Structure formats: structure tokens, C-alpha cells
Amino acid sequence: MNKIKILFAFSFWMLLTAVSCNRDDITFDSPSQLLRFSADTVFLDTVYNQVRSETYAVKIYNDEDKDVMIPRIALQSGSSSLYRINVDGKAGTDFSNIPLRKKDSLYVFVEIAPVANAPEAIAEDQIQIQTPAGNQHVTLFSVVQDAEFYIQSETNPNVLDTDTNWTKEKAKIIFGDLTVAEGKTLDIQKGTKVYFHKNSGLKISKNANLNVLGDLNQEVIFRGDRNDSRYDTIPKNWNGIRFETGSHLNMNYAKVFGGTRGLEMNETQAVITNTIVHTFQEYGIFAVKSNINASNLVMNNCGEAAVGIFKGGNYNITHSTLANYWDFNAALPGLGIYATNEYQNGTTLENGPLTLKVNNSIIYGYAENMVELKPISGQVFTTEFNYSLLKYGAKATYATANSITNKDPKFMNYFTQKMNLRVSEDSPAKGEGSTAVAATVPLDVVKISRTASPTMGAYQ
């Protein structure tokens, strides 16, 4: 037995020595040709002062049939750069003698963590790679914007307890819930960007007011703080905007996307115009016994429904496009409108009278019946669908007047990655709206006149 142990130990020592010798015997030559990169420019997402970006990767390839030693990889701006790199597992700004095996590659990881000195600026730098074969570089590029932070903590309830006005000079970044105190008003001016961290949201308290005052090409943005474009089409990046009893919303030219529930209203008075709401896990608009007037409203990609209505209320939807091509989770219905008198308030089942009027609009998507109505016996439940294009299934229980059913509206592009819910020239919705209704909303969502031969939906 002792001989076996001695033999095993000797064999293991010989193997270890051989491996060690093999490693030491590797020779790395100077590159005789230029290196190859996975990208010559890295566009990092927009970042804000004191907030690190995501980490991006660049691969450097050695296409030669020999092991090479790269003399230097460094940031052009050195230690003063807003960027930081990680080369072969080590963080810093300047690296020397980096080995790279033949036909192999190595990763250079990049991030930016700036302090902005201006409302918006361009951060540009280079990763420089120096070899005897020639000097090469990879350009790094990002937009840096100054920001104002609202951070909820155990010692900071994060409450706006005075009337507040936000402008576009600084992006607003919210961690946790930011609350507009009871009876107070938050005005948000055109071009302002409001970003929410994961599980964060905005709460409009009882009798408080939210006025969103955007304009065409200067919309107010509400979204998650993951600013890479791939997050534009992913839900649950943030929670939503929640309105308490007696609150008021006036929203014009806003873009709201990428959360759990977009606008969650509880006995709220709301006017919503020229606004795009898309990509929410549950509802784009969730309304409980509220009064909502919406026109030039564009919606898409919501798991439960674009609009969910509960416990009654009054809802007027005019010249709007409620598309829903939800495809994240087939278990969710992806409706255009779900409306019922009922509402489960804790352990109490409540109900109330409901009136829903839809005029000159499009409600279309994957679901067989894009409008699902659940009236409660003995309670007022009034619906009107006039001069609209509807996906109308066999189980539909509502009446339509002068409307078009089950004809593809022929959207330009309903995929949220490149969403364009204008309709093509040969769309059945083209020119089929009521001129009397169009006169009440004479301009479409991009300010094109629709008074003559109005097209159904938000776009003329």
C-alpha cells in the first residue's frame, strides 16, 4: 500500500512539474499584424451624474498562428477619463504586456461613471491598443446628462410637500416611491425625462394634481432607469404612476412605458391627450371608478389589457389607437379594453355605474375579441362604439354603430421595437371616421389636420 502511495505522489509531482514547465515554456512574440476587434465604436447608454452605466464588452482577437504579447492597452484620457476598463480580469485605465494566445481572444469590459458639468454633454474617449504592427483604437461614446435624485429611505419618505415645477434641464431619477403630498401640484414641463429605478414609482396623493405639459417632439418621458434601448420593449422595469382618491391628471404629449401598471387611477379625474403608453406587465391604464377623457391616445403591448376599467366611472375615448400585440406571456389575455362594474377592494366586492364611449378609434391586436365587457346585473353599464375599427370575436356582447369589425387596420409596424401605429394608405380605417367627432379633435397626434375625411385612430 505504501508503495502505491509513493508511486501516486511521484506521478502527481511529475505531472505538476510538466504542467509548470509547459506554462513557463510558452513564449509570446510581438504581433506582426493588426489585431481584430468585435466593434470599432462602443455606444454606451445615456448616463447621469453619479450613476454608473451597464458594463459593455469589446473582444480583441489574435488571428495570428502564434501567441502574442500586446505592449499596451490604455484609455486615451488616462486616469481623468470618465470611463473605466477591465482587461483580462483587472480593472484600471492603463495596462502593459497583455498576453493573447494564438487564434484566441480577450475581453475588455467598459463602463462609464461620470459627474456631469453641463445639462447634457457628449462623453467620448478611446481605448488605445499599441503594438509593433500599428496603433489601433476603439472609440467610446455616451451622452451624459445632469440629474436630480429623489431617493426614498428609512429617514427620507421622499415627499413633495409644496407645489413643484420640473423642467428639462435636469433628468429626474427616482429611487423608491416619490409622493406628491395631499392637495399639492406637480407640474412637469415639456422635454423633461423622469426615470424610475426598479420597483419605484410616483404617487399622486388624495386631491393632489399632476400636470404633464409636453409638446410634439418634446414629450415628457416616464420610464425605467435602464436606458439601453433594449429595455424600451421590456416590462416591469419600474412600477407606475398611482393616483389616489380625488386626484387629478392633465397629461399632454407624454411617453409612458416599460413598467407594471402605467397609470393606476382610483376615483381620479383625468384628461389624457397626445400620449403614448406601451409595454406594461398588467395594464397601461388601470382605472377604478374614475372619469377619463382621452384623445389621440396610442397604446400597445400590455399583458392584461391596454385599458382596464373597474367599479364603474365615465370614460370617453376619442380618436385613439388601442393596439395590443402582447407576446411576452401567452397566459395573459392582451386585451384592448377590459371593463366591469366590479372591483375587489380587499375583502369587499364593490360596484358602480359605468359609461364607456369609444369614437373614431381603433382597437386591434392578437386577441380574438379585443374588448371584453363584464356588466353586473342590476347596475348601469352603458357602452357605445361608434365609427371605430374593432377586433370583434364570436363572444362579443356589445353593439357597434357605423363601425368596422375584424379587418386588419394595416399598421405600419406594430412591433414595439420599431412601433409605428400609423395605418397604411389602403387601410380600411382610412377616411372612415365621423367628421363631427373629428371636429372635436381637429389635429391628430402629430398635429396633422383631420377635419376632412378623418381616419379612425390617433393618426390621420
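The values are calculated or read from the model by the stated rules, or taken from the named source; none is laboratory data. Just so it is clear, the structure is predicted and the values come from calculations on it, not from any experiment. Cβ: placed from backbone, ideal geometry, glycine included. Neighbour counts: every protein chain shown. Note: accessible area is taken over every heavy atom of the protein model, side chains too, but ligands, DNA and RNA are not part of it. Shrake-Rupley method; radii C 1.70, N 1.55, O 1.52, S 1.80 Å.
Using a 1.4 angstrom probe, figure out how much accessible area the stretch 184-305 has per residue, in square angstrom, rounded to the nearest whole.
Working: 3710 Å² over 122 residues.
On a per-residue basis, 30 Å².
Taking θ as phi - 60°, what are the ³J(HN,Hα) couplings along the stretch 342-358 by the Karplus curve (6.51, -1.76, 1.60), each to the nearest whole Hz, with x for Gly and Pro?
7, 7, 8, 9, x, 9, 9, 9, 10, 8, x, x, 9, 10, 10, 10, 10
What do you get for the angle between helix 2-24 and the principal long axis of the chain? Use alpha-carbon atoms, 0 to 90 degrees, nearest ten.
In the chain, helix 2-24 runs at an angle near 80 degrees to the longest axis.
Please list 3J(HN,Hα) in residue order for the stretch 436-453, calculated via the Karplus relation 6.51 cos²θ - 1.76 cosθ + 1.60 where θ = phi - 60°; whole Hz, with x for glycine and proline.
For the stretch 436-453, the Karplus curve yields 5, 5, 4, 5, 7, 9, x, 10, 7, 5, 10, 6, 9, 5, 10, 5, 10, 6 Hz.
How much mean residue ellipticity at 222 nm does the chain get from its helices, if each DSSP H run of length 4 or more adds -39500 (n - 2.57) and you divide by all residues, to the nearest 500 deg cm²/dmol? Don't skip to the end; give the middle numbers.
Working: 2 runs with 27 residues, N = 460.
One gets -2000 deg cm²/dmol as the mean residue ellipticity at 222 nm.
What are the ³J(HN,Hα) couplings of the stretch 235-241, residue after residue, when phi is run through the Karplus curve with 6.51, -1.76, 1.60 and θ = phi - 60°? Round to Hz, x for glycine and proline.
x, 6, 6, 8, 8, x, 10
Take the cross-link list Lys391/Lys430; Lys374/Lys410; Lys198/Lys311; Lys90/Lys198; Lys170/Lys203; Lys168/Lys203 and give me the ones stretching past 22 Å between alpha-carbons.
Values: Lys391/Lys430 16 Å; Lys374/Lys410 29 Å; Lys198/Lys311 30 Å; Lys90/Lys198 29 Å; Lys170/Lys203 20 Å; Lys168/Lys203 20 Å.
Table pairs above 22 Å Cα-Cα are Lys374/Lys410; Lys198/Lys311; Lys90/Lys198.
Between Thr131 and residues 5 or more places away or on another chain, which pairs have amide H atoms under 5 Å apart, with H built 1.01 Å from N, and which residues are they?
Those qualifying (amide H under 5 Å, at least 5 residues apart or on another chain) are Gln136.
Before anything else, pin down the relative contact order of the chain: Cα pairs under 8 Å, at least 6 apart, normalised by residue count, whole percent.
Numbers: 1356 pairs, mean separation 35.0, N = 460.
8 percent.
Might you report the magnitude of the Cβ-based charge dipole of the chain about its Cα centre, with Lys and Arg at +1 and Asp and Glu at -1, to the nearest 20 debye?
It comes to approximately 640 debye.
What shape does the stretch 233-289 take by its C-alpha gyration tensor, where a ≥ b ≥ c are the square roots of the eigenvalues and a/c under 1.5 counts as rounded, a/b above b/c as prolate, and the rest as oblate? List each step's numbers first, then the result.
Values: a/c = 2.51, a/b = 1.38, b/c = 1.82.
Oblate, because a/c is 1.5 or more while a/b does not exceed b/c.
Carbon and sulfur: what percent of the chain's accessible surface (1.4 Å probe)?
That share works out to 49 percent.
Just the accessible area per residue of the stretch 313-460, please: how many Å² with a 1.4 Å probe? Write down the numbers at each step before the final one.
Values: 6910 Å² over 148 residues.
On a per-residue basis, the stretch 313-460 sits at 47 Å².
In percent, what relative contact order does the stretch 249-356 have, based on Cα pairs under 8 Å that are 6 or more apart in sequence? Display every interim value, and only then the final one.
Values: 320 pairs, mean separation 23.7, N = 108.
For the stretch 249-356, the relative contact order is 22 percent.
Which of rounded, prolate, oblate describes the chain, given a ≥ b ≥ c as roots of the alpha-carbon gyration tensor eigenvalues and a/c under 1.5 marking rounded, otherwise prolate only if a/b is larger than b/c? Can you show the working numbers first?
Working: a/c = 2.24, a/b = 2.16, b/c = 1.04.
Taking the square roots of the gyration eigenvalues as a ≥ b ≥ c, the chain is prolate.
Between Arg52 and Thr27, what FRET efficiency follows from the Cβ-Cβ distance if R0 is 51 Å, with the result rounded to 0.05?
Values: r = 39 Å, r/R0 = 0.77.
That pair, Arg52 with Thr27, gives E of 0.85.
Search the structure for amide H atoms under 5 Å from the amide H of Gly191, placed 1.01 Å from N in the peptide plane, and list their residues when 5 or more places away or on another chain.
It is Asp215, Glu219, Val220, by chain and number.
Whose amide H sits under 5 Å from the amide H of Lys203, counting only residues 5 or more places off or on another chain, with H placed in the peptide plane?
Amide H neighbours of Lys203: Leu178, Thr179, Val180, Arg242.
Once you have a ≥ b ≥ c as the square roots of the Cα gyration tensor eigenvalues for the stretch 378-460, tell me rounded if a/c is under 1.5, and otherwise prolate or oblate according to whether a/b is larger than b/c.
Details: a/c = 1.93, a/b = 1.30, b/c = 1.48.
Oblate, because a/c is 1.5 or more while a/b does not exceed b/c.
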